[in-house]
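Only the coordinates and a few stated rules stand behind these numbers; no lab work does. From a predicted model like this one, the values you see are computed outputs, not experimental measurements. Positions of Cβ are backbone-derived with ideal geometry, glycine not excepted, and every protein chain shown enters the neighbour counts.
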Ligand SMILES: Cc1cc2nc3c(=O)[nH]c(=O)nc-3n(C[C@H](O)[C@H](O)[C@H](O)COP(=O)(O)OP(=O)(O)OC[C@H]3O[C@@H](n4cnc5c(N)ncnc54)[C@H](O)[C@@H]3O)c2cc1C
């Protein structure tokens, strides 16, 4: 196979790059290791049916974007999704639980109200981008394993579910976290030790997190005058927010699990039970009877988290990628994905950063 631009990773960043290539008539192939598109963007419906952009959904990955994030807002408008945007709910009192389980209601300052969400979850954005791409340009279950710099381009070996393939491309845009790329792909020529250290220092944003969502028949916390916002030092959920749709058709709470990745392994059922008990302490008996409970542990996903990402990060990746065009590759290997966004702009790690990096990558394609 031959192409002009090989885009590796179909998260928001890679999908956006493919969409821009499509609009500009630039030949591209988009590779995705997983069987689904979206990467860290991953949304589900309350009834667990196959994802449909027209139905309300909750997020197991990112949910929020914010006023002022111009790239996100412009893309949503361009894709005709502006009517799907709504504000994160923040009506009602918030709760604080200390490490002894003492509960204080009515605290302020922990609401995420003011953030935006999408009706169909963030996957509404990634799926809508994907709907503009033609199927023959997008390969799922396609794990890039080797990239070799050759005269005037790159040669790539990839593993598909039932066969191996080779692609020759002028450019390769690596739209994934650098740590994940280094853990899964063999680059030739190999990067220097100093460069490996620099790239491996860029933590994959939120890769060490796990998100638990409970779906309910009723939004009982609102009836109690509660917003659903909680900070807990007892856990296992350390931060809880409302994950409902704005139209009352999906009632849900979500929490970030505070148990470190190493202690989460093989304890999914136990964590779910402990989380339900916690929700019962905080919101009463009704909270212990959800319709469904979903636990998404990103630290266990090899295409998101590496051995170095097995911790719950509190701060955005503090290291800059330094070179977006990899030195020694004749400007033909371009790093993208949110971790490659300009650190000084403070978008890296965010959805906005995934778009910023994509736009930068596109601007570096000369022909
Ligand atoms: C729990 C959680 C909550 C978050 N909350 C927010 C939020 O509220 N707001 C916000 O702005 N951001 C949030 N984020 C961060 C947000 O998810 C990311 O900024 C964004 O999704 C990154 O998109 P990306 O395309 O750069 O990377 P990714 O989505 O990680 O995409 C990389 C893709 O590369 C693929 N891949 C990996 N290896 C290979 C290979 N060898 N070959 C082919 N494909 C490969 C992966 O499968 C993946 O699809 C959150 C993240 C998590 C995990």
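On the stretch given as the range 260-278, residues that are under 30 Å from residue 181 (Cβ atoms), in contact with a helix residue (DSSP H, G or I) (Cβ under 8 Å, 6 or more places away or on another chain) and surrounded by fewer than 14 Cβ atoms within 10 Å (Cβ to Cβ) total 1.
Could you tell me whether residue 362 is more than 10 Å from the ligand (Cβ to nearest atom), in contact (Cβ under 8 Å) with a residue 12 or more places away in the chain and either crowded, with 22+ Cβ neighbours inside 10 Å or part of a loop (DSSP other than H, G, I, E, B) (or both)? No, not satisfied. Within the range 68-119, the set of residues being in a loop (DSSP other than H, G, I, E, B), surrounded by 15 or more Cβ atoms within 10 Å (Cβ to Cβ) and touching a residue at least 60 places away in the same chain (Cβ under 8 Å) comprises 69, 88, 89, 90, 92, 110, 111, 112, 119. Taking the range 120-153 as the range and being more than 16 Å from the ligand (Cβ to nearest atom) and in a helix (DSSP H, G or I) as the test, the residues that pass are 131, 135, 136. Within the range 176-196, the presence of at least one residue that is crowded, with 24+ Cβ neighbours inside 10 Å and out of contact with any helix residue (DSSP H, G or I) (no Cβ under 7 Å at 6 or more places or on another chain) is confirmed. Within the range 20-30, the set of residues being within 16 Å of the ligand (Cβ to nearest atom) and surrounded by fewer than 23 Cβ atoms within 10 Å (Cβ to Cβ) comprises just one member, 20.
Test residue 348 against the criterion of being in contact (Cβ under 8 Å) with a residue 40 or more places away in the chain, more than 20 Å from residue 129 (Cα to Cα) and surrounded by 24 or more Cβ atoms within 10 Å (Cβ to Cβ), and give yes or no. Yes; evaluated as a whole, the condition is true for this residue. Can you say whether residue 122 is crowded, with 20+ Cβ neighbours inside 10 Å, closer than 17 Å to residue 336 by Cα, within 22 Å of the chain's Cα centre (by Cα) and touching a residue at least 24 places away in the same chain (Cβ under 8 Å), as far as the supplied structure shows? No; evaluated as a whole, the condition is false for this residue. Looking at the range 31-57 only, could you name the residues that are touching a strand residue (DSSP E or B) at 6+ places or on another chain (Cβ under 9 Å) and away from the ligand (no atom under 12 Å from the Cβ)? Scanning the range 31-57 gives 44, 45, 46, 47, 48, 51, 57. Counting the residues of the range 166-180 that are within 10 Å of the ligand (Cβ to nearest atom) and either assigned to a strand (DSSP E or B) or free of Cβ contacts under 8 Å to residues at least 40 places away in the same chain (or both) gives 2. Taking the range 181-210 as the range and being within 14 Å of the ligand (Cβ to nearest atom), more than 23 Å from residue 347 (Cα to Cα) and in a helix (DSSP H, G or I) as the test, the residues that pass are 183, 184. The condition of being away from the ligand (no atom under 12 Å from the Cβ) and either within 14 Å of residue 120 (Cβ to Cβ) or not in a loop (DSSP other than H, G, I, E, B) (or both) does not hold for residue 62.
Out of the range 279-291, which residues are within 22 Å of residue 61 (Cβ to Cβ) and surrounded by 15 or more Cβ atoms within 10 Å (Cβ to Cβ)? Result: 279, 290.
Rundown of residues vs (1) within 14 Å of the ligand (Cβ to nearest atom); (2) touching a residue at least 40 places away in the same chain (Cβ under 8 Å), yes/no style:
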| residue | (1), (2) |
| --- | --- |
| 265 | no, no |
| 272 | no, yes |
| 279 | no, yes |
| 293 | no, yes |
| 297 | yes, yes |
| 307 | no, yes |
| 331 | no, no |
| 338 | yes, yes |
| 342 | yes, no |
